[in-house]
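Asks: Encoded as structure tokens, here's the structure I'll be asking about.
The values are calculated or read from the model by the stated rules, or taken from the named source; none is laboratory data. Only a predicted model underlies this, so the values are computations on that prediction, with no experimental measurement involved. All Cβ positions, even for glycine, are placed from backbone atoms using ideal geometry, and neighbour counts span all protein chains on display. Protein only, heavy atoms only, side chains kept; ligands, DNA and RNA dropped before computing areas. Shrake-Rupley method; radii C 1.70, N 1.55, O 1.52, S 1.80 Å.
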Amino acid sequence: PHLTASVCRLWAGRPAEAERTLREGLAQVPEAPMLQATLALARLDQGQSAACLEILAPLAGRWGPGHPLTVLLAGAREEAEGHRAAMVQRFRDYLILVDRVPAERRSVGERRTLSVNLYHMARLLVRAGEREAARQLLACAERLHPGKLQVARVDPVMKGL
């Protein structure tokens, strides 16, 4: 519940509230990697690059190569380190890979996981000024698990996309 509530708060433009919710969850399960990963994204959302990197460091290698969370966190790390062009290219390349497999050939769980992570990637791209690339990721996220366009309408980062 802490993960879902925090992502909703993050996407509603309330990263400080998301962080409080994540900290409550981490107080109960200190090693929860999904909570830690989302906390890193919340810190990045608040412009706290050093704090983001500190949280990301122990998560390196936690998920396999090509896992959507591995790609997202590598891009977040690149953004926090000031390597924006590398993040943008990483996310564009990943979209090409995702689009190679039709949505109907993926399980519901895989589609949902991809969709959520693609949405996070799209948010980072918008912040980087890469609106067209963000639109492409958002469209893919919507195809995989509908509802992301509706979320984007209320997400302050994504407004007008």
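Table: residues versus (1) of a type in the set (Asp, Glu); (2) free of Cβ contacts under 8 Å to residues at least 60 places away in the same chain; (3) in a helix (DSSP H, G or I).
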{"site": "ALA16", "(1), (2), (3)": "no, yes, yes"}
{"site": "LEU26", "(1), (2), (3)": "no, yes, yes"}
{"site": "LEU44", "(1), (2), (3)": "no, no, yes"}
{"site": "PRO58", "(1), (2), (3)": "no, yes, yes"}
{"site": "GLY82", "(1), (2), (3)": "no, yes, no"}
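Asks: A further question on this structure: Can you name the number of the only condition in (1) in a helix (DSSP H, G or I); (2) over 23 Å from ARG23 (Cβ atoms); (3) over 11 Å from the mean Cα position of the chain (by Cα) that GLY75 fails?
Replies: Unmet for GLY75, out of (1) in a helix (DSSP H, G or I); (2) over 23 Å from ARG23 (Cβ atoms); (3) over 11 Å from the mean Cα position of the chain (by Cα): (3).
Asks: I've got another one for you. May I ask you to verify whether GLU54 is surrounded by fewer than 15 Cβ atoms within 10 Å (Cβ to Cβ) and among the charged types (D, E, K, R)?
Replies: yes
Asks: A further question follows. Return a yes/no flag: does the range 136-157 have any residue that is modelled with pLDDT of 95 or more, in contact with a Cys (Cβ under 8 Å, 6 or more places away or on another chain) and either hydrophobic (A, V, I, L, M, F, W, C) or open to solvent by 10 Å² or more (accessible area, probe 1.4 Å) (or both).
Replies: Within the range 136-157, not a single residue is modelled with pLDDT of 95 or more, in contact with a Cys (Cβ under 8 Å, 6 or more places away or on another chain) and either hydrophobic (A, V, I, L, M, F, W, C) or open to solvent by 10 Å² or more (accessible area, probe 1.4 Å) (or both).
Asks: Exactly one of (1) touching a helix residue (DSSP H, G or I) at 6+ places or on another chain (Cβ under 9 Å); (2) assigned to a helix (DSSP H, G or I) is unmet by ARG153. Its number?
Replies: Here ARG153 meets the rest and fails (1).
Asks: Here is a list: GLY64, GLY47, GLY25, GLY13. Which entry is surrounded by fewer than 14 Cβ atoms within 10 Å (Cβ to Cβ) and either at positive phi or touching a His at 6+ places or on another chain (Cβ under 8 Å) (or both)?
Replies: None of the others qualify; the one that does is GLY47.
Asks: Would you please list the contacts, defined by Cβ atoms under 7 Å and residues six or more apart or on different chains, that run from a residue in the range 95-122 that is in contact (Cβ under 8 Å) with a residue 12 or more places away in the chain to a residue that is assigned to a loop (DSSP other than H, G, I, E, B) and open to solvent by 30 Å² or more (accessible area, probe 1.4 Å)?
Replies: Taking only residues 6 or more apart or on different chains, the pairs are ARG111/HIS145; ARG112/HIS145; SER115/HIS145.
Asks: Please tell me if ALA152 is free of Cβ contacts under 8 Å to residues at least 60 places away in the same chain, under 19 Å from THR38 (Cβ atoms) and of a type outside the set (Lys, Arg).
Replies: yes
Asks: Here's something else I'd like to know. Among (1) open to solvent by 40 Å² or more (accessible area, probe 1.4 Å); (2) over 12 Å from PRO68 (Cβ atoms); (3) of a type in the set (A, V, I, L, M, F, W, C), there is one condition LEU97 misses while meeting the rest; what is its number?
Replies: Going through (1) open to solvent by 40 Å² or more (accessible area, probe 1.4 Å); (2) over 12 Å from PRO68 (Cβ atoms); (3) of a type in the set (A, V, I, L, M, F, W, C) one by one, LEU97 breaks only (2).
Asks: If I go through the range 28-44 residue by residue, how many of them are farther than 27 Å from ILE96 by Cα and crowded, with 17+ Cβ neighbours inside 10 Å?
Replies: 4
Asks: Scan the range 48-57 and give yes if some residue there is modelled with pLDDT under 95 and either over 15 Å from TYR119 (Cβ atoms) or touching a Phe, Trp or Tyr at 6+ places or on another chain (Cβ under 7 Å) (or both), otherwise no.
Replies: Checked against the condition, which is being modelled with pLDDT under 95 and either over 15 Å from TYR119 (Cβ atoms) or touching a Phe, Trp or Tyr at 6+ places or on another chain (Cβ under 7 Å) (or both), the range 48-57 yields no hits at all.
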